[in-house]
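J.: This is the structure I want to talk about, given as structure tokens.
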């Protein structure tokens, strides 16, 4: 991987400065960075997914998310000092409750794809919920110093999917308070379990907005994340502000700014491009370098 993949000069310079921050000390036989989350942390790229059953399945290693970029920058990648347990489609509920609604991790995906965990597979194989895996690792490996968690995007996507066929123009606004309340409760349960086994650097990834029309939704989700995280000594990787800044010269459109995966000449997916993942990694680096 090349950390500065096509970065614009300004953003590349910012990232270069951030990466001068000293790395955490590591044990040679125990990893020290645990990444948790959904498709953003996994590095999902829809262009790599097969479009018919005759095509071969991609390997999980072909998907590169911001945790891998951070690990490479900190010299944790080749020495196997990090683990990425993220699962595309994971919601805050399915993260710790077996059978809870999700968006394609444990159940069929939005286009009818098989559950990602058993179809393509994850960067790290485990049974049970992602929280069960995290707690097992945190309780057994006291060398872990950094945990990143990016969750909640799929909670919002379930609302958008539900409202996509609803003729009520206020559907999203009507469902939003309930979704945010449930997300806040789920995040509290998740962070309580993590903090019961971990006193190190906990970084919550704030969601970026893939479209100006979704800015207010992203802001509402991030407000809940920061409100809950403040009770657990969390730091924040501010992907929202980073994407807004990087898109400022492109009418606030992250697709035009090259931060999202392009599907064709005029359309982007909602997932970060390699440049977008690099930018998210920079926000994690900044959060790690921040003085508590």
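J.: Only one residue in 186, 222, 231 is under 15 Å from residue 149 (Cβ atoms), at pLDDT 95 or above, touching a strand residue (DSSP E or B) at 6+ places or on another chain (Cβ under 6 Å) and in a helix (DSSP H, G or I). Which one?
T.: Numbers: 186 fails: touching a strand residue (DSSP E or B) at 6+ places or on another chain (Cβ under 6 Å); 231 fails: touching a strand residue (DSSP E or B) at 6+ places or on another chain (Cβ under 6 Å).
After applying the criteria, what remains is 222.
J.: Taking the stated definitions as given, is residue 216 under 17 Å from the mean Cα position of the chain (by Cα), more than 19 Å from residue 146 (Cα to Cα), surrounded by fewer than 21 Cβ atoms within 10 Å (Cβ to Cβ) and modelled with pLDDT of 95 or more? Quick ask: steps written out before the conclusion?
T.: Working: under 17 Å from the mean Cα position of the chain (by Cα): no; more than 19 Å from residue 146 (Cα to Cα): yes; surrounded by fewer than 21 Cβ atoms within 10 Å (Cβ to Cβ): yes; modelled with pLDDT of 95 or more: yes.
No; evaluated as a whole, the condition is false for this residue.
J.: All but one of (1) in contact with a strand residue (DSSP E or B) (Cβ under 7 Å, 6 or more places away or on another chain); (2) closer than 29 Å to residue 188 by Cα; (3) at pLDDT 95 or above hold for residue 66; which doesn't?
T.: With (1) in contact with a strand residue (DSSP E or B) (Cβ under 7 Å, 6 or more places away or on another chain); (2) closer than 29 Å to residue 188 by Cα; (3) at pLDDT 95 or above applied to residue 66, the lone miss is (1).
J.: If you don't mind, there's one more thing I want to ask. Identify the residue in the stretch 21-46 that is more than 27 Å from residue 140 (Cα to Cα) and either out of contact with any helix residue (DSSP H, G or I) (no Cβ under 9 Å at 6 or more places or on another chain) or surrounded by fewer than 16 Cβ atoms within 10 Å (Cβ to Cβ) (or both) and, among all such residues, is modelled with the lowest pLDDT.
T.: Start the filter on the stretch 21-46 by keeping residues that are more than 27 Å from residue 140 (Cα to Cα), which leaves 21, 44-46.
When the remaining residues are screened for being either out of contact with any helix residue (DSSP H, G or I) (no Cβ under 9 Å at 6 or more places or on another chain) or surrounded by fewer than 16 Cβ atoms within 10 Å (Cβ to Cβ) (or both), the result is 21, 46.
On the way: 21: 36, 46: 96.
Per the stated criteria, the residue is 21.
J.: Here are 215, 199: which of them is over 17 Å from residue 159 (Cα atoms) and out of contact with any strand residue (DSSP E or B) (no Cβ under 6 Å at 6 or more places or on another chain)? Don't jump to the end; show me each part of the working.
T.: Working: 215 fails: over 17 Å from residue 159 (Cα atoms).
The match here is 199.
J.: Let me ask something additional. Within the stretch 47-86, how many residues are touching a residue at least 24 places away in the same chain (Cβ under 8 Å), surrounded by fewer than 14 Cβ atoms within 10 Å (Cβ to Cβ) and assigned to a helix (DSSP H, G or I)?
T.: 2
J.: Additional query: Tell me the residue from 240, 208 that is crowded, with 23+ Cβ neighbours inside 10 Å and in contact with a strand residue (DSSP E or B) (Cβ under 9 Å, 6 or more places away or on another chain), please. Break it down stepwise before answering.
T.: Working: 240 fails: crowded, with 23+ Cβ neighbours inside 10 Å.
Sole residue among the options that is crowded, with 23+ Cβ neighbours inside 10 Å and in contact with a strand residue (DSSP E or B) (Cβ under 9 Å, 6 or more places away or on another chain): 208.
J.: Within the stretch 248-274, how many residues are out of contact with any helix residue (DSSP H, G or I) (no Cβ under 8 Å at 6 or more places or on another chain), over 29 Å from residue 200 (Cβ atoms) and outside any loop (DSSP other than H, G, I, E, B)?
T.: Going through the stretch 248-274, the residues out of contact with any helix residue (DSSP H, G or I) (no Cβ under 8 Å at 6 or more places or on another chain) turn out to be 248-250, 255, 262, 264-268, 270, 273-274.
Checking which are over 29 Å from residue 200 (Cβ atoms) leaves us with 248-250, 255, 262, 264-268, 270, 273.
From the residues that got through so far, the ones that are outside any loop (DSSP other than H, G, I, E, B) too are 248-250, 262, 268, 270.
Residues that pass the stated criteria total 6.
The values are calculated or read from the model by the stated rules, or taken from the named source; none is laboratory data. All values derive from a computational prediction rather than experimental measurement. Note: ideal-geometry Cβ built from the backbone for every residue, glycine included; neighbour counts use all protein chains shown.
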